[in-house]
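Asker: One structure is given below, represented as structure tokens, and several questions about it will come after.
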Amino acid sequence: MAITAGVIAAAPMAARQDVALKDLMPKGTVIGVAINQRQSDQVDKAAVDIITKQFNQISPENLLKFQPVHPAADRYVFDAQDRYVQFGLDHHMQVIGHNLVWHQQTSPWVFQGADGKPADRETLLARMRDHIHTVVGRYKGKIHGWDVVNEAIDEDGSLRKAPWRDGIGDDYVAKAFEFAHEADPDAELYYNDYNLEKPAKRAGVIKLVKDLQARGLRIDGIGNQGHWRLDTPSIAEIKQALADLHGTGLKVMYSELDINLLPNAARGADPSVANPYANGLPDEKQQELARRYADIFATILEHPGWVSRVTFWGLSDADSWLNRGRSNYPLLWDRQRQPKPAFNAVVDVLKRLQ
Ligand code: XIL
């Protein structure tokens, strides 16, 4: 089996590290990466070198989610979070906050009432307000924009059943935007979700943001996560989704881009099927990934001014959340932190667009 990152390819690839993605992006579009705590703490020096050289924006992979920042009712944790924000400011990067209201990674105490019953609307609104005011307020003037609500829409376009909604009602999304704007009137506020290339879900998201706009609330942008695969969604679907999202008048961001190369596999599935590239990625797949990234960048950057940010969800294949015990290859840098052919392909597209 042909394995990439061989001797022949290594030299020109290493040379390419002299090129910085951030210097090649169209004016008005920042390029960033979600970083983990070893990176924001600057323990992972090899990663920090690449992050500071290549990117002008960072997102926190986990640190600013509800659970890590607010594990108990009377306890906020800010040490590593402050270092994340300072790391970005020190390197003149756009610092993003992710996220305030979500159905995952939120401490169970939030939804519990005093009597063992689920917390009621007033209790939940007070907790949401306190959380948002405390966290957004702390980084006022430092965090450029917040994912205020994450993944509130279901695949069929309806409002997802979620603990915040169960307790507060359908206006929980509007309330979160209201509180965030109170806490930092200058911060940009975003709605963030995935599978926006699927028409029903996209329609639900557009309806939701139009409702927020109709209520007179501040909303600046839609984060389209962009957790994609090699052949889905199609380039035509990506184009259509971008046009529709742009049609709201809001900024569009690709907030969590990566390309999953592994099949969906049940736990206990045959390893040769579930984990086909355990010993490396065949060259043909490596090239396919490069072409996929080239097509994506050419498509999402086609219209100047439509896309304000592109963020990869992780720096290298070693860092990606998509491994989960298997070997995945979703990003532009490999496990040894060498740029992959996909990196060169993106560089070529960016140069062509200049
Ligand atoms: C993921 C992180 O990458 C993982 O480390 C964590 O275990 C789970 O969350 N959509 C989002 C992100 O909005 O916050 C998720 O991040 C990936 C899916």
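Asker: What is the distance in Å between the Cα centroid of the range 18-85 and that of the range 317-354?
Answerer: After rounding, the separation between the Cα centres reads 17 Å.
Asker: Mind giving me the nanometre distance, one decimal, between the label points for GLN86 and ASP186, set 7 Å out from Cα along Cα→Cβ?
Answerer: Simple spin-label model gives 2.1 nm for this pair.
Asker: Heavy atoms of the protein only, probe of 1.4 Å, neighbouring chains included. What is the accessible area of ASP171 in Å², nearest 10?
Answerer: 40 Å²
Asker: Something else about it: With θ taken as phi - 60° and the coefficients 6.51, -1.76 and 1.60, list the Karplus ³J(HN,Hα) couplings across the range 94-108 in order, rounded to whole Hz; mark glycine and proline as x.
Answerer: After applying 6.51 cos²θ - 1.76 cosθ + 1.60, I find 6, 9, 9, x, 9, 9, 9, 10, 7, 8, 10, 6, 10, 4, x Hz.
Asker: Could you order ARG292, ARG267, ARG129, ARG165 so the one with the most accessible surface comes first? Probe is 1.4 Å.
Answerer: ARG267, ARG129, ARG165, ARG292
Asker: Quick one: which residues, 5 or more positions from ASN99 or on another chain, have an amide H under 5 Å from its amide H? H modelled 1.01 Å from N in the peptide plane, none for Pro or chain starts.
Answerer: LYS65, PHE66
Asker: Next up: Could you tally the net charge around LEU125, taking each other residue with its Cβ under 15 Å from the Cβ of LEU125, Lys/Arg +1 and Asp/Glu -1?
Answerer: Neighbour charge sum, excluding LEU125 itself: -3.
Asker: To the nearest 10 degrees, how steeply does helix 121-138 sit against the main Cα axis of the chain, on a 0 to 90 scale?
Answerer: 50 degrees
Asker: Which lysines have a Cα lying under 21 Å from the Cα of LYS45, excluding residues fewer than 8 positions away in the same chain?
Answerer: Within reach: LYS22, LYS53, LYS340.
Asker: Another question, if that's okay. Would you mind estimating how fast the range 29-71 diffuses translationally, via Stokes-Einstein at 25 °C and 0.890 mPa s with the Kirkwood radius over Cα pairs, in µm²/s?
Answerer: For these conditions, the coefficient is 222 µm²/s.
Asker: Quick one: go through the range 250-283 and flag any residue whose amide nitrogen is under 12 Å from the point 7 Å out along the Cα-to-Cβ line of HIS303.
Answerer: Correct set: 250-252.
Asker: Still on this structure, please answer the following. Evaluate E = 1/(1 + (r/R0)^6) for LEU353 and ALA269, where r is the Cβ-Cβ distance and R0 equals 51 Å; express this FRET efficiency to the nearest 0.05.
Answerer: E(calc), rounded to 0.05, equals 0.80.
Asker: Moving to a separate point now. Would you check the accessible area of ASP211, probe 1.4 Å, heavy atoms only, in square angstrom rounded to 10?
Answerer: Taking all protein chains as shown, ASP211 has close to 60 Å².
Asker: Let me ask you something else. If you consider only alpha-carbon coordinates, what radius of gyration and Dmax does the range 16-151 have, in Å?
Answerer: Final numbers for Rg and Dmax: 17.1, 61 Å.
Asker: Enter the angle in degrees (range 0 to 90, nearest 10) between the Cα long axis of helix 283-300 and the first principal axis of the Cα atoms of the chain, meaning the one along which they spread out most.
Answerer: 50 degrees
Asker: Quick check: pseudo-label points 7 Å beyond the Cα along Cα→Cβ at ARG129 and ASP41, how many nm apart are they?
Answerer: 3.6 nm
Asker: Related question: For the range 215-282 and the range 101-121, what is the centre-to-centre distance using only Cα atoms, to the nearest Å?
Answerer: Distance between centres, Cα-based: 30 Å.
Asker: Please check which bits of the range 328-354 a label hung off LYS27 would reach, taking the label as a point 7 Å along Cα-to-C-beta and the cut-off as backbone N under 14 Å.
Answerer: 354
Asker: Per residue, how large is the accessible surface of the chain? Use a 1.4 angstrom probe and give square angstrom.
Answerer: With the other protein chains kept in place, the chain gives 43 Å² per residue.
Asker: Please give the contour-minus-distance gain from ARG75 to ASP295: 0.36 nm per residue of separation, less the Cα-Cα distance, rounded to one decimal in nm.
Answerer: Extra length available between ARG75 and ASP295 comes to 74.6 nm.
Asker: Can you tell me the Rg and Dmax of the chain, counting just the alpha carbons, in angstroms?
Answerer: 20.4, 67
Asker: Still on this structure, I have one more. For THR52, what accessible surface area do you get with a 1.4 Å probe? Give it in Å², rounded to 10.
Answerer: THR52 exposes around 30 Å² with every protein chain in place.
Asker: With runs of 4+ DSSP H residues as the only contributors, calculate the mean residue ellipticity of the chain at 222 nm using -39,500 (n - 2.57) per run, divided by the residue total and rounded to the nearest 500.
Answerer: The per-residue figure over the chain is -12000 deg cm²/dmol.
Asker: Still on this structure: Quick one: Karplus J couplings for the range 109-119, per residue in order, coefficients 6.51, -1.76, 1.60, θ = phi - 60°, nearest Hz, x for Gly and Pro?
Answerer: Result, rounded to whole Hz: 4, 4, 9, 9, x, 5, 8, x, 7, x, 4.
Asker: Could you tell me the extents of the range 91-180's C-alpha atoms along the three principal axes, largest first, rounded to whole Å?
Answerer: Between the extreme Cα coordinates on each principal axis of the range 91-180 lie 47, 34, 21 Å.
Asker: If amide hydrogens are placed 1.01 Å from N in the peptide plane, which non-local residues have theirs closer than 5 Å to the one on GLN57?
Answerer: Answer set, sorted by chain and number: ILE31, VAL33, GLN94.
Asker: Are any of the pairs LYS65/LYS251; LYS198/LYS351; LYS142/LYS175; LYS140/LYS351; LYS117/LYS251 more than 29 Å apart by Cα-Cα distance, and if so, which?
Answerer: LYS198/LYS351; LYS140/LYS351; LYS117/LYS251
Asker: Could you work out how far helix 79-90 tilts from the main Cα principal axis of the chain, as a 0 to 90 degree angle to the nearest 10?
Answerer: The two axes meet at around 60 degrees.
The values are calculated or read from the model by the stated rules, or taken from the named source; none is laboratory data. Please read these numbers as outputs of a predicted model, since none were measured by experiment. We place every Cβ from the backbone using ideal geometry, glycine too, and count neighbours over all the protein chains shown. The protein model used for the area step is the full one, side chains on, heavy atoms only, and it has no ligands, DNA or RNA in it. Shrake-Rupley method; radii C 1.70, N 1.55, O 1.52, S 1.80 Å.
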